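Participant: Can you keep this structure in mind? I'll have questions shortly.
Where a number appears in this text, it was derived from the coordinates with a stated rule and is not lab data. These numbers come from a predicted model, not from an experiment. Here the Cβ positions follow ideal geometry from the backbone for every residue, glycine too, while neighbour counts run over all protein chains shown.
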Amino acid sequence: MAKVTMADIYRQEHIDDPYPLYRRVREADPVYWDDTMGDEGAWMVTGYAAAQTALMDPRLSAKRPHWGPDRLPGDPELDSAHRAIDQQIVVSDAPEHTRLRQHLTRPFLRRRVDAMREDVTKLTHALLDAAVDGESGEMDAMDRFSFALPAISLTGMLGIPAYDQRYLSWMLSLGLLIDDGPLSRSHHRKLLGGVAEYTDFFARQIADRRAAGPGGQKEVLVQTLADHYTGGGFANAEELHGNLAFLLTAGQISTAHQIGNTLLHLLRHPEAYERLRADPAAVPAATAELMRYDASIQLTKRRVREPFELGGHELETGQEVFVWIGAAHRDPEEFADPDRLDLDRTGVKHIAFGHGVHYCLGGRLGQLVHDVAVQAFVERVPSPRLLTDKIERSVMPTFRGPYKLPVGFGR
């Protein structure tokens, strides 16, 4: 019998549906040593309780080993991009993480996010008006809606030029480097080139704002950082630019993919769709179950700082730990009948936004955009139906979601 390995996650059948593989790995052991993963083997955490512990325990570091000096390409311009991503908040530990969170948290405060609801709602309905207008009776729900909505919202919040195809290219470069799978490792230098363009873009945005002097659009993040950045608030310019790139990428890709995942599964579960169509106000209450069922963020990584026990295993200093969020969400020890989408499920404590000190800065905004989008879709799109069973998906297990979602609708 062949040994189970999470390396199979990059096979097309598991890109389409990773959950059977997650189940096999979890049944082998919820904390499973896989010598085919990472640089020299890594722990695969697929159990819910173990995942929660791994995300919270300070004996695990968020620093990514695969971004260390031995991976630097020896090109000054690309080395700068490498250092920028190595200083992002998602891969930082205290005290750096605490400092970065203080600088970057202002746009995501509850009152500011809640104040965005009206504008997000207006934009959502405008996008749906455009998407369903015309005679075709078809639309790509990703291109015309799920990608467009968070893109326009986030570029406005950050105070940067309107979304265009450059952003998507840069985001894919950064996303593949974060995933660190076979595609990333075989195109490392090219992807770093994309990140270099990304961080250079933010360097120009900050420089332009600083040159204009204090003031300007106070409610946008780039202006706020430009007004207060004197070289002391951030360790260096690369740290600032790298974190702006991360905020835009994480907010855009994770939210767009979650909207796509939700719409896909609602259309595949007509009874669930009809319930929400009959009562769109119930969408926010259903969101926890929808995110548990198929989260847009499936994986995050840690490295052991000091030996400790997890799931009956002794983890050694330096070892890599892969926390499979998507697998934890299907753990039957935590969720009864976990492979069933159940909108009546109560007390769902998903970890799609992380857990502990690394809980997603933009989690509240992401959920607001998701909920407004899904509510509007079930209200406004008449008799929607999937036009294909074959969904084009991200090839990165870290980020799960469709790139195309062809939907037909009635009149």
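Participant: For the chain, max minus min Cα coordinate along each principal axis, in Å, sorted largest first?
Facilitator: That gives 65, 58, 37 Å along the principal axes, largest extent first.
Participant: Send over the Kirkwood Rh of segment 220-306, from the inverse of the averaged 1/r over different Cα pairs, rounded to one decimal Å.
Facilitator: 16.3 Å
Participant: Highest mean first, how do 286-296, 255-265 rank when packing is the count of other Cβ atoms within 10 Å averaged over residues?
Facilitator: 255-265, 286-296
Participant: Further question: Which order do the peptides 141-154, 93-106 come out in when sorted by mean C-beta neighbours inside 10 angstrom, highest first?
Facilitator: 141-154, 93-106
Participant: Run the numbers for ARG275 and LEU109: contour at 0.36 nm per residue of separation, minus the present Cα-Cα distance, in nm.
Facilitator: 56.6 nm
Participant: Counting only pairs 8 or more residues apart or on different chains, how many lysine pairs in segment 6-408 have their Cα atoms under 30 Å apart?
Facilitator: Step by step, the pairs that qualify in segment 6-408 add up to 13.
Participant: Let me ask something additional. Just to confirm my numbers, what's the Cα centroid distance between segment 336-371 and segment 237-296 in Å?
Facilitator: Rounded to whole Å, the Cα centres lie 9 Å apart.
Participant: While we're here: Testing the spin-label approximation: label points 7 Å from Cα along Cα→Cβ at ASP133 and ARG59. State their distance in nm.
Facilitator: The modelled label-to-label distance comes out at 6.0 nm.
Participant: When the helices in the chain are scored as -39500 (n - 2.57) per DSSP H run of 4 or longer and the sum is shared across all residues, what 222 nm value do you end up with, to the nearest 500 deg cm²/dmol?
Facilitator: -15000 deg cm²/dmol
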